[in-house]
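Visitor: Input: one structure, supplied below.
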Amino acid sequence: MIKPECIRIKVKAETPEEVIRIAGRVMLEQGIIEERYVEAMVNVFKKMGPYMVISPGVCLPHAGPDDGAKKVGIAILTLENAICFGNKENDPVKICIAFATPDKKQHVKVLASIAELLQNKQDVEDIANAKTPEDIIKVLIKYK
């Protein structure tokens, strides 16, 4: 599900919205989503606030399956500078894991895999400190 082209290391961004848009662009370039999905993710953040920061240092932007998801896919960004999304418990964000799924069944499956990853603090730290996309793939391979 994840390939090196879907991973960006040490991304420079200033705002949560910029982080979401960069992750969306990665998924768009890989044919995972339609352009409207990016705006849907930004709108979810604007409406729902910082709920997408689901674990210390990790945000999980996504939109609904009907918002332009073409296939199951993930984009992972590590951020050069941590960014506050407004979540007092889990800010600042160092890792963005954006995802798209074309149906609710796959949506739940992807969330379950991500939840499993987030329970392993060492794996999350290894992702945050990764030097290459391949370093991240080595961590993720066990969460298929």
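Readers should treat all values here as calculations from the given coordinates under stated rules, not as data from a laboratory. Since the structure is predicted, the reported quantities are computational estimates derived from the model, not experimental observations. Here the Cβ positions follow ideal geometry from the backbone for every residue, glycine too, while neighbour counts run over all protein chains shown.
Visitor: Which whole-Hz couplings ³J(HN,Hα) result when phi for each residue of the range 37-50 is put into the Karplus expression 6.51 cos²θ - 1.76 cosθ + 1.60, θ = phi - 60°, listed in order with x for Gly and Pro?
Guide: Rounded to whole hertz, the list is 5, 4, 5, 5, 5, 4, 5, 4, 4, 5, 7, 9, x, x.
Visitor: Ok, one more. Measuring from label point to label point, each 7 Å out along Cα→Cβ, what is the TYR51 to GLU29 span in nm?
Guide: 3.1
Visitor: Over the C-alpha atoms of the range 1-73, what are the Rg and the largest Cα-to-Cα span, Dmax, in Å?
Guide: Reported Rg and Dmax, both Å: 11.8, 31.
Visitor: What is the distance, in nm, between label points placed 7 Å from the Cα along the Cα-to-Cβ direction at ALA82 and at VAL108?
Guide: Each label point is offset 7 Å from its Cα along the Cβ direction, giving 3.4 nm.
Visitor: Ok, one more. For a quick check, take a GNM of the chain with Cα springs below 10 Å and name the residue from ILE33, ILE74, ILE114 with the largest mean-square fluctuation.
Guide: Taking springs between Cα atoms under 10 Å, the residue moving most is ILE114.
Visitor: Related question: At a Förster distance of 35 Å, what's the computed FRET efficiency of GLU5 paired with ASN43, Cβ-Cβ distance as r, to 0.05?
Guide: Details: r = 26 Å, r/R0 = 0.74.
Result of the calculation: an efficiency of 0.85.
Visitor: Also, quick follow-up: Relative contact order of the chain: what whole-number percent is it, with Cα pairs under 8 angstrom and at least 6 residues apart? Let's see the in-between values first.
Guide: Details: 266 pairs, mean separation 39.7, N = 144.
That works out to 28 percent.
Visitor: Further, regarding this structure: If you take volume of the Cα convex hull per residue in Å³ from the coordinates, which of (1) 304; (2) 117; (3) 91 do you get?
Guide: (3)
Visitor: Which of the aspartates and glutamates could be linked to LYS138 by a straight reach, that is with a Cα gap under 15 Å, when you skip same-chain ones fewer than 8 residues away?
Guide: LYS138 reaches GLU5, ASP123, GLU125, ASP126.
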